[in-house]
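Below is one structure; the comments refer to it alone.
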Amino acid sequence: MTDALAAAPQPAHRLIPSQFPPIGLFDTVATAADLDAVMDLVGWTNDRLVAERIHRLPQSEWVFGVPNASIVMAAFLHVAPGGMRFNGPDLGAWYAADHLRTAAAEVGHHLRRETVARGIPAMRRTYRAFSATLRGRYRDIRGQQAAHAPLYASDSYTASQAFGEELRAAGGAGIVYDSVRLRGGVNVVAHRPRNVTAIVQTDHYEITVSATARTIDVRKLTA
């Protein structure tokens with residue numbers, strides 16, 4: 001594997017379920033000391049995992065006092081139980097895509113898996129779209145699906161999580177990689193919250209999937 005580095009797609013797009021509030025405590029505090037106090041006040045640190053995760057991040061990497069800071073920090077502190085492709089369960093990361101259609105293919109895949117797991121015929125969920133500028137240089141593994149198949153496995157994150165966490169521990173910004181869910185799409189994972197900048201909420205979308213069909217229906221919602 002080469003050590004090639006590349007810029008992230010600009011802007012990078014992310015879809016987040018609309019049930020999660022767009023404004024939170026990280027947006028409104030001015031200092032790290034204030035953040036600790038507010039987290040205690042609102043009960044965030046009652047969640048043992050959240051409390052542990054924020055202290056795995058050096059304070060120099062915390063994002064606060066800017067619009068949508070809570071959206072960024074939530075990606076690192078609220079983690080899927082088994083982790084995701086390039087991060088384990090101990091700390092999250094910011095995943096994004098080159099286009100909204102790529103982001104929709106990614107979230108649609110996971111929504112379909114949820115549909116199958118729940119044993120229901122279909123699911124519909126609304127998402128808010130965000131665009132962001134990702135600073136830094138990212139390990140570029142595009143075009144290496146054949147040579148490094150375990151990193152692109154569709155049914156196991158064992159190898160890819162080890163790879164991603166090794167890069168994070170070494171101080172890397174993250175990884176640029178080919179989408180497994182949409183041919184030609186490009187994804188990026190940012191391992192450093194402070195590299196996620198200029199975050200803008202754009203539109204709302206409704207995504208519908210079936211447990212038995214591969215199609216993903218995406219509908220832009222009007223105000």
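Each value in this text was obtained by applying a stated rule to the coordinates, not by laboratory testing. Quantities reported herein were computed from a predicted structural model and do not represent experimental measurements. Quick reminder, even Gly has a Cβ in these numbers, built from the backbone with ideal geometry, and neighbours come from all protein chains shown.
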From the C-alpha coordinates alone, can you work out the Kirkwood hydrodynamic radius of the stretch 79-144, in Å? 14.3
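Which helices, taking whole DSSP H runs in the chain, have alpha carbons extending 18 angstrom or more along the helix axis plus mean Kyte-Doolittle at least -1.0? Mind dumping the intermediate values first?
On the way: long enough: 100-118 (26 Å, -0.53).
Result, helices passing both filters: 100-118.
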Assertion target for Leu57, Leu77, ordered by fewest C-beta neighbours within 10 angstrom first, is Leu57, Leu77
Helix-only [θ]222 nm of the chain, DSSP H runs n ≥ 4, -39500 (n - 2.57) each, per residue, nearest 500: -8500 deg cm²/dmol
Binning at 10 angstrom from zero up to the longest distance, how are the C-alpha pair distances of the chain distributed in percent? 8, 32, 37, 20, 3, 0
